[in-house]
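**Student:** First the structure, then my questions, so here it is.
The values are calculated or read from the model by the stated rules, or taken from the named source; none is laboratory data. All figures in this text were calculated on a predicted structure; none of them were measured in a lab. Note that we place each Cβ from the backbone using ideal geometry, even for glycine, and neighbour counts take in every protein chain shown.
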Amino acid sequence: MTHISTSCYLALLCASPWVVYELFRFISPALYENERRYSVQVAVIIYVLFVLGVLMSYFVLFPISFRFLGTYSVAQRVVSTITLDSYVSTFISLTLIMGVVFQLPVVAFFLGKMGIITHQLLARYRRHAFVALTVIAAAITPPDLMTLVLVTIPLYLLYELSIRVVKWVE
């Protein structure tokens, strides 16, 4: 079953540009011309950010996390065993979470467009956001300091990018 579910996830990831294109073709007749152009730009940005999150997880975060989880030992008599199911489950959940977390600038864009947040507000609470992002990074990564830092840094950079995006929207 693990092989089938992995194949389905990979197929969905590879087919996602086509699925998004077909969804856009379905929705686009109901949109005005400026909305159509605007939605294409937003969809491309969302997709690029998601792919960047997946690539970050695949090439940077997951190898370090897996090495930590594979070598972690409570005692000499307790042996850590990694099954294929746990490997795939950890990989997919970590990759999906990183793809979603990389959507922070898009969320900030829409909140700024609605007038809920301003760039001054985001800049004023920068320290609080850093602590919150560190807590979020600790929640989505294994209990390892290196992976915590590797997730916190991109999250904070995305927060800074969000400040710039909201300033541009205003």
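**Student:** State all residues of segment 47-77 that are surrounded by 13 or more Cβ atoms within 10 Å (Cβ to Cβ) and either touching a Cys at 6+ places or on another chain (Cβ under 8 Å) or polar (S, T, N, Q) (or both); if no residue qualifies, say none.
**Tutor:** Ser57, Ser65
Listed here are the residues, each with its yes/no results for (1) at positive phi; (2) modelled with pLDDT under 95; (3) of a type in the set (D, E, K, R); (4) touching a Pro at 6+ places or on another chain (Cβ under 6 Å).
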position	(1), (2), (3), (4)
Leu96	no, yes, no, no
Gly99	no, yes, no, no
Phe110	no, yes, no, no
Leu121	no, no, no, no
Arg127	no, no, yes, no
Phe130	no, no, no, no
Ile136	no, yes, no, no
Ile140	no, yes, no, no
Tyr156	no, no, no, no
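**Student:** Tally time: how many residues in segment 136-166 are part of a helix (DSSP H, G or I), in contact (Cβ under 8 Å) with a residue 40 or more places away in the chain, touching a Ser or Thr at 6+ places or on another chain (Cβ under 9 Å) and within 19 Å of Phe50 (Cβ to Cβ)?
**Tutor:** 4
**Student:** Does Arg36 satisfy the criteria of being touching a helix residue (DSSP H, G or I) at 6+ places or on another chain (Cβ under 6 Å), at pLDDT below 90, part of a helix (DSSP H, G or I) and not hydroxyl-bearing (Ser, Thr, Tyr)?
**Tutor:** yes
**Student:** Right, something else. Being more than 27 Å from Leu13 (Cα to Cα) and surrounded by 18 or more Cβ atoms within 10 Å (Cβ to Cβ) narrows it down to one of Ala129, Ala123, so name that one.
**Tutor:** Checking each option against the conditions leaves just Ala129.
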